[in-house]
1. Return only the number of the condition from (1) under 23 Å from Lys30 (Cα atoms); (2) open to solvent by 20 Å² or more (accessible area, probe 1.4 Å); (3) touching a residue at least 24 places away in the same chain (Cβ under 8 Å) that Ala191 does not satisfy.
2. Take Asn108 and tell me if it is open to solvent by 50 Å² or more (accessible area, probe 1.4 Å), out of contact with any Ser or Thr (no Cβ under 6 Å at 6 or more places or on another chain), without any contact (Cβ under 8 Å) to a residue 60 or more places away in the chain and in a loop (DSSP other than H, G, I, E, B).
3. Within the range 128-150, how many residues turn out to be exposed (fewer than 15 other Cβ atoms within 10 Å of the Cβ) and over 21 Å from Asn108 (Cα atoms)?
4. In this structure, does His116 turn out to be within 19 Å of Asn209 (Cβ to Cβ) and surrounded by fewer than 11 Cβ atoms within 10 Å (Cβ to Cβ)?
5. Just one of Leu78, Leu39, Leu56 is under 25 Å from Glu175 (Cβ atoms), of a type outside the set (D, E, K, R) and open to solvent by 10 Å² or more (accessible area, probe 1.4 Å); which is it?
6. Against the conditions (1) more than 21 Å from Lys38 (Cα to Cα); (2) surrounded by fewer than 16 Cβ atoms within 10 Å (Cβ to Cβ); (3) in contact (Cβ under 8 Å) with a residue 40 or more places away in the chain, where does Val153 fall short? Just the number, please.
7. Could you give me the residue pairs with C-beta distances under 9 Å whose first residue belongs to the range 1-16 and is at positive phi, whose second residue is open to solvent by less than 30 Å² (accessible area, probe 1.4 Å) and acidic (Asp, Glu) wherever it lies, and which are 6+ apart or on separate chains?
8. Among the residues of the range 228-237, are any hydrophobic (A, V, I, L, M, F, W, C) and touching a residue at least 40 places away in the same chain (Cβ under 8 Å)?
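The values are calculated or read from the model by the stated rules, or taken from the named source; none is laboratory data. Bear in mind that the values here come from a model prediction, so they are computed numbers and not experimental data. Every residue, glycine among them, receives a Cβ derived from its backbone with ideal geometry; neighbour counts consider all protein chains shown. With ligands, DNA and RNA removed, areas are computed over all heavy atoms of the protein, side chains included. Shrake-Rupley method; radii C 1.70, N 1.55, O 1.52, S 1.80 Å.
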Amino acid sequence: MIKAIFFDIDSTTFLHSIHDCPSSTKKAFKKLKENGFKLAICTSRSMAEMVNLPMLYHEYMDAIVCLAGAQIYVNDELIINHSLDDEINDIIKILDDKGITYRYSARNQDNYLNIHDKDVEGIFYHLYTMIPDVKKYENEELVHMIYYPDSKVLIEKIKSMCHKNYHLTLGRCCEIVPPGINKGTGIVECARIWGIEPSEIAAFGDGNNDVEMIEAASVGIAMGNATQGLKDIADYITDTIDNDGVYKACVHFKWIEEE
């Protein structure tokens, strides 16, 4: 029996064209809570990058798994805080030497871009309606990084340096996560805080960085607008985000009743 449901944010529950959740998704959240499910976000965003999300995310979510599993907040308290391996320092040196833009998130919850970059700042504002402050990296203990490569050669170079940290290419940017950590480990770790087993977890996602989360869940649901790679490994494919995908899946699995 499913007891906890985890949701990606961008293009799964949050529609960028309206900078809000679809009304049917809001309805699903409300009904799921009323029916006693534990609800949580699982995202690559940092907490700082969620500052302008609709308040319903904070109202309905019992936990936030952020930075692709590196940090877990339960009732607004930071419970889990995984760190990147020190090999990240050699990676940062290469990125700095090449003038590559990156966003780094520290164990103390600080979140910065390393340099001003109008293109990257535009991406952040489009996605999150916020732009991180700019500060040069000063050897803080890090939990997560995304960088914006200028070539496939650089991606392969950085990837080859990640002997312990986990590297994932996400189109325009690449993500580096602590050893053994991903969205899948994040939802399992979060659920266990509640005494819930992996067999009692469901998850919704749309992107390639949701693969481990969908695989880790007992019921892994891909949105209709998901990448083909995610659809291929999902237990169920629902409709698109803008055609009531989350709501329809919840009705399909009888977690809520259709109105």
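1. Unmet for Ala191, out of (1) under 23 Å from Lys30 (Cα atoms); (2) open to solvent by 20 Å² or more (accessible area, probe 1.4 Å); (3) touching a residue at least 24 places away in the same chain (Cβ under 8 Å): (2).
2. Working: open to solvent by 50 Å² or more (accessible area, probe 1.4 Å): yes; out of contact with any Ser or Thr (no Cβ under 6 Å at 6 or more places or on another chain): yes; without any contact (Cβ under 8 Å) to a residue 60 or more places away in the chain: yes; in a loop (DSSP other than H, G, I, E, B): yes.
So Asn108 passes the test.
3. Going through the range 128-150 one residue at a time, the tally reaches 2.
4. Values: within 19 Å of Asn209 (Cβ to Cβ): no; surrounded by fewer than 11 Cβ atoms within 10 Å (Cβ to Cβ): yes.
Answer is no for this residue.
5. Values: Leu39 fails: open to solvent by 10 Å² or more (accessible area, probe 1.4 Å); Leu56 fails: under 25 Å from Glu175 (Cβ atoms).
Sole residue among the options that is under 25 Å from Glu175 (Cβ atoms), of a type outside the set (D, E, K, R) and open to solvent by 10 Å² or more (accessible area, probe 1.4 Å): Leu78.
6. (3)
7. Ser11/Asp206
8. Residues of the range 228-237 hydrophobic (A, V, I, L, M, F, W, C): 230, 233-234, 237.
Narrowing the set further to residues that are touching a residue at least 40 places away in the same chain (Cβ under 8 Å) leaves none.
No, because not a single residue in the range 228-237 is hydrophobic (A, V, I, L, M, F, W, C) and touching a residue at least 40 places away in the same chain (Cβ under 8 Å).
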